[in-house]
Each structure stands twice: as C-alpha cells, then as structure tokens.
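To start, the structure itself, in structure tokens.
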Amino acid sequence: MRVSTTTSSRSDSRVFTVVVQGYGTALTRNAERTINVPFSRLQALMQSISQLGGKVLSVSAASDAPAPAAAKPAPEATKQAPVKKQAAPVSHAAVPVNLYKPKSPFIGTVTENYSLLGDGAIGRVNHITFDLKGGDPQLHYVEGQSIGIIPDGEDANGKPHKLRLYSIASTRHGDNLAGDTVSLCVRQLQYEKEGETINGVCSTFLCDIEPGAKVKITGPVGKEMLLPEDEDANVIMLATGTGIAPMRTYLRRMFEPSEREKNGWNFKGKAWLFMGAPTTANLLYDDDFNRYESEFPENFRYTKAISREQQNAKGGRMYIQDRVSENADEIFAMIENPKTHVYMCGLRGMEPGIDEAMSAAAAAKGLDWSELRPQLKKAERWHVETY
Ligand code: NAP
C-alpha cells in the first residue's frame, strides 16, 4: 500500500483523510470507515491497515481531491513522530540529591507510626513519619523522590546493614506542612523459606519502630518520578500496593486544601489514579482519595482494581492492567495530549499487561506502541519506578 502526499514538501501540519474497508474492531470491521490522520501518522496508519488486512479505498490531503491509493510515497511519509516534547516538562533544576550519604547519615526521630490497613487486611502496611529538624544542611526533598533508611543492627557477617530505599509518601511540606518531616508508606516484607516465615530486615525494623526512636536516613535520591510544574498537566497514575507512595504526594499537592494553600500550585489538569490492592481493607489512603474525587470531580478520577474481590473479563483476578485495558482508548486519547504524563510505581509484573493494553489502543489508531513508548519516555512523559 503506497500513499500519495503529492504536496508533501510543504510543512507536515496537514491532515489526511483515509477511507478504508475491513479495518477496525469486530463491530466496525466490514464497514467503510473514514479516518482523519495527521501527516506524521499517515505512514504508520497505512502499515497498520496493511498488517490487519484492510483495504484502502482512497487517501486525500484535507481539501485536496482524493488521490489514487497506489501513488508513490514521499520520503517524509515514513517518519512517525506523534509524541511532542514540551519545553522542559519536568524541572530537575532545584531537586536536591544525596544531601546525606550512608557514611554520615542524618539521624531523624520517629514522630508517628500507624497502620494504614482496615480490618481483615492482608499483612502489615504502616505510615511512618520522621522529624528532620536540626540537620546541616536541612534534609529536604520534592514529590516523587526516595530516601534511604539504614536499619539498626548488623547482618549475618557482623557488618552494619545496608540502606534500603523507600519512595517518599509526603509532599515537600510534610504531613504537618512545617517543611521539616518526611513520611513513608512501608509494607512489612514476609516470605517463606524452608517452612519458616522470614521477615524483611528493614521493613520489620520500620513497622515495629516507636515514636521517639532515632533512625539513620540518607538521600534524598531520584529524578525519575518528578511532577511537571505545569498547572494544566494531566497526570495518569498506575500504582500497586505501597507503590502508591509517590501518587499520594502528587494527589496531596494537587487536592489537599491546606497543602494547596501552602504550595500555591493551582493544579487545573486532569488526574486519574489506578490503584491495585488485594482487598478493600488493603487500599491505602482510600478515604483521602475518595474525598478528593468528590471535591474535585472535574479534575480527579479514582479507579480501583481489587484483585481478590473483583474479577476481570476472563474471570481472573482484577489487576490494574485490566482496568487500563477497559479504559485504554480514553487513556490513549489523554496520552496524545503533550501535556499528559504517566507514572507507574509498584510491582514490575504490571508492566507487560499495561503495554499490551496500550498496544491494542494504539493499533486501533494505526500507531505502534513499541515505537511510541520510547518516544514518551524520551519526552519525559512516561515515568516508571517498579520493583
Ligand atoms: P500489595 O498490597 O500486595 O498489592 C499488590 C497488588 O498488585 C495486589 O492486588 C496484587 O494481587 C497485585 N498484583 C500481583 N501481581 C500482579 C501483576 N503481575 N500485575 C498487576 N498486579 C499484580 O502490594 P505491596 O506488597 O505493597 O507491593 C507493592 C510492590 O511495589 C512491592 O514489590 C514493592 O517493593 C514495590 N514498590 C516499589 C516502589 C518503587 O519502585 N519506588 C515503591 C513502593 C513499593 P494479588 O496479590 O491478589 O495477586
């Protein structure tokens, strides 16, 4: 299938109209469809139609007469560049990094440590806050960063424990808005080995810790999960379990009234959180997110995948990628907007399913997700921190 772009030496802002048969979802497959596509996506659409066995009836540049479908392509038509990079979408300039290193950590004081789980939840997940006052330099951070914790005690070889990184769950102003605390959201790691239950060293240390205790803290680190500064940005968040930590910071920054007053950042875009948890009792910060959704219905949408209570279309556990799949066209339409950023945090296992859902949505528009995703990443709009 060749495409005529007879005046293609002009700028690429033109839109082309493609009339096609035998292309699309099962329902629309036999119908004749008219697809308008920008020049930059024309070639990709042609490839997709050809791969899926569709027949192109005509291609015409908007306001031009229809061109015969078998004319020669212009060289420019082979490019696919639908992802635009905004000027500096995420500012890295004032982001603090490694103010405290493992050899001389900051000693923080625990101010609170409470469970985030409801009755009947699986496991232990706690919200733990540390006082950062008194450091020189002052330990500070921004939304989307992580800190290191060095647990007390020694490993099996008698050496001090190594640090573990945790995503920060509080905004730069801290939960008390005084700018001198940091909070974490920590699940106690537990696994079975040779019939014995093994508890994670650092996560158990943190979940058991009492207010007043001193803790060695390093960092902050990380520039992958920073929020754009644009108040009109759209933010899609995909989190499983404690991967909610950075999303809580974004959502507090966007919607928590006292935090908004403090930060002066008047978020006006659309935020959409997809949260995966095994049971309703395991949903983290759920009351806050429900409140944001009722107070900011135009700006915030909250979609839950409760794996052991809900079923996906195939009758299996409802995972976050199933919710992405259900909403793929809408998500994809948002991603086409250069102001949209996607953040993913939590289990690495969700990534292939999310790619699959996005591939299907992209293909329906004649685009190739395996080419688009790296472009989104390069444009600093696709942010992933998964373990
Ligand atoms: P959790 O409460 O156990 O919830 C995880 C949810 O994800 C459950 O509903 C689980 O379903 C589901 N799930 C399991 N396999 C999945 C898959 N392949 N795809 C999609 N969903 C899947 O979570 P958690 O123990 O807190 O774990 C969160 C993970 O995030 C941990 O691995 C943690 O290390 C990581 N994490 C990473 C960061 C980071 O990268 N910065 C920060 C925080 C946490 P079922 O169990 O019902 O199958």
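Before moving on, here are some points about what is shown:
- Listed by position, the helices (runs of 4 or more DSSP H) inside the range 173-274 whose residues that are within 13 Å of the ligand (Cβ to nearest atom) number at least 3 are 201-208, 244-255.
Matching residues to (1) in a strand (DSSP E or B); (2) modelled with pLDDT of 95 or more:
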| position | (1), (2) |
| --- | --- |
| ARG301 | yes, yes |
| GLY315 | no, yes |
| CYS345 | yes, yes |
| ALA357 | no, no |
| ALA362 | no, no |
| HIS383 | yes, yes |
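- The range 102-141, residues that are among the charged types (D, E, K, R), in a strand (DSSP E or B) and under 18 Å from PRO220 (Cβ atoms): ASP131
- The range 195-209: number of residues that are among the acidic types (Asp, Glu) and farther than 12 Å from ASN126 by Cα: 1
- The sole residue among VAL182, VAL235, VAL201, VAL221 that is surrounded by 15 or more Cβ atoms within 10 Å (Cβ to Cβ), among the hydrophobic types (A, V, I, L, M, F, W, C) and under 17 Å from the mean Cα position of the chain (by Cα) is VAL235.
- For the range 338-350, the set of residues classified as of a type outside the set (Val, Ile, Thr) and surrounded by 15 or more Cβ atoms within 10 Å (Cβ to Cβ) consists of PRO338, LYS339, HIS341, TYR343, MET344, CYS345, GLY346, LEU347, MET350, listed by residue number.
- Residue within the range 365-372 that is under 16 Å from the mean Cα position of the chain (by Cα) and surrounded by fewer than 20 Cβ atoms within 10 Å (Cβ to Cβ) present: no
- Residues in the range 294-318 that are closer than 26 Å to MET254 by Cα and within 16 Å of the ligand (Cβ to nearest atom): TYR302, THR303, LYS304, ALA305, ILE306.
- Positions within the range 155-172 being within 16 Å of the ligand (Cβ to nearest atom) and assigned to a strand (DSSP E or B), in sequence order: ARG164, LEU165, TYR166, SER167, ILE168
- Some residue of the range 331-338 being of a type outside the set (Phe, Trp, Tyr), touching a Ser or Thr at 6+ places or on another chain (Cβ under 6 Å) and under 27 Å from SER146 (Cβ atoms): yes
- In the range 304-329, the residues that are in contact (Cβ under 8 Å) with a residue 24 or more places away in the chain form Cβ pairs under 6 Å with partners that are part of a helix (DSSP H, G or I) and near the ligand (Cβ under 8 Å from one of its atoms), at six or more places apart or across chains, as follows: ALA305/ILE320; ILE320/MET350; GLN321/MET350; GLN321/GLY353.
- Within the range 276-290, the only residue that satisfies the criterion of being away from the ligand (no atom under 12 Å from the Cβ) and in a loop (DSSP other than H, G, I, E, B) is TYR285.
- Test: GLY144 is assigned to a loop (DSSP other than H, G, I, E, B) and at positive phi: yes
- Unmet requirement for GLU293, which otherwise passes all of (1) touching a strand residue (DSSP E or B) at 6+ places or on another chain (Cβ under 7 Å); (2) in contact (Cβ under 8 Å) with a residue 24 or more places away in the chain; (3) crowded, with 16+ Cβ neighbours inside 10 Å; (4) part of a helix (DSSP H, G or I): (2)
The values are calculated or read from the model by the stated rules, or taken from the named source; none is laboratory data. Note that the structure is a prediction, hence the values are computed from the model and not measured. Note that we place each Cβ from the backbone using ideal geometry, even for glycine, and neighbour counts take in every protein chain shown.
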